[in-house]
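Below: the structure, in structure tokens.
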Amino acid sequence: MDLSNIRPAVGSNKDKKRVGRGQGSGRGGTSTRGHKGAKQRSGYKNKVGFEGGQMPLQRRVPKYGFKNINRVEYKAVNLDTLQQLAEAKNLTAIGIDELRQAGIVNKKNLVKILANGTVTAKLDVTAHAFSKKAAEAIVAAGGTANKI
């Protein structure tokens with residue numbers, strides 16, 4: 001196999017609809033546009049959200065709330081997940097790289113450790129953020145909670 005004989009999967013590419021090519025094509029005459037009116041003519045432009053003169057939905061519904069531009073999204077990882085990962089791979093230190101290799105987070109995620117579950121192993125955990133209880137639980141088990 002090389003670049004000269006690569007073909008798309010069967011059914012993945014459709015032929016373009018050729019309109020206005022005479023009556024024999026099956027799409028001549030009105031060229032699938034119907035009879036008369038603005039929609040049939042060239043230069044017709046439909047505005048997004050236009051409802052035929054009726055007040056459009058985006059203007060009928062009142063404005064509500066706001067989007068906080070300073071919000072920071074974290075991927076939540078619980079203590080029981082850390083415990084399972086440590087037992088499965090015999091780890092004493094868990095950082096972002098170990099979580100990525102395990103498929104728990106991807107490279108764009110910021111990680112926050114939450115306190116759901118228990119941790120019994122002595123772990124040195126490195127993450128972007130910790131809940132108060134999670135940090136206390138890690139320290140109580142003899143480990144450390146390092147914030148990036």
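In whole angstrom, note down how far apart the Cα centers of the range 109-148 and the range 24-91 are.
If you average the Cα positions of each part, the centres end up 38 Å apart.
Which one, A129, P8, A88, is farthest towards the positive end of the dipole of the chain when Lys and Arg carry +1 and Asp and Glu -1 on their Cβ?
P8
Which whole-Hz ³J(HN,Hα) couplings does the range 29-42 yield from phi under the Karplus relation 6.51 cos²θ - 1.76 cosθ + 1.60, θ = phi - 60°, glycine and proline marked x?
Whole-Hz 3J(HN,Hα) from phi for the range 29-42: x, 7, 6, 6, 9, x, 9, 6, x, 4, 5, 7, 8, 6.
Given points 7 Å out from each Cα along the Cα-Cβ axis, report the Q101 to R71 separation in nanometres with one decimal.
Between Q101 and R71, the label points sit 3.4 nm apart.
Top mean-square fluctuation among K67, K36, K122, Gaussian network model of the chain, C-alpha springs under 10 Å?
Of the options given, K36 has the highest mean-square fluctuation.
Run the helix sum for the chain: -39,500 (n - 2.57) per DSSP H stretch of 4+ residues, divided by residue count, reported at 222 nm to the nearest 500 deg cm²/dmol.
Computed ellipticity for the chain at 222 nm equals -5500 deg cm²/dmol.
Considering amide H positions built from the backbone, and no H for Pro or chain starts, which residues 5 or more places from V111, or on another chain, come under 5 Å of its amide H?
Long-range HN contacts for V111: K75, H128, A129.
Short version: ³J(HN,Hα) in whole Hz for each residue of the range 82-94, in order, from phi by Karplus 6.51 cos²θ - 1.76 cosθ + 1.60 (θ = phi - 60°), x for Gly and Pro, what are they?
4, 4, 4, 5, 5, 5, 5, 10, 6, 9, 10, 10, 10
We did not get these values from a lab; they are worked out from the coordinates using the rules stated. Remember, predicted model here, so these are calculated numbers, not experimental data. Counting neighbours? That spans all protein chains shown, and the Cβs are built from the backbone with ideal geometry, glycine included.
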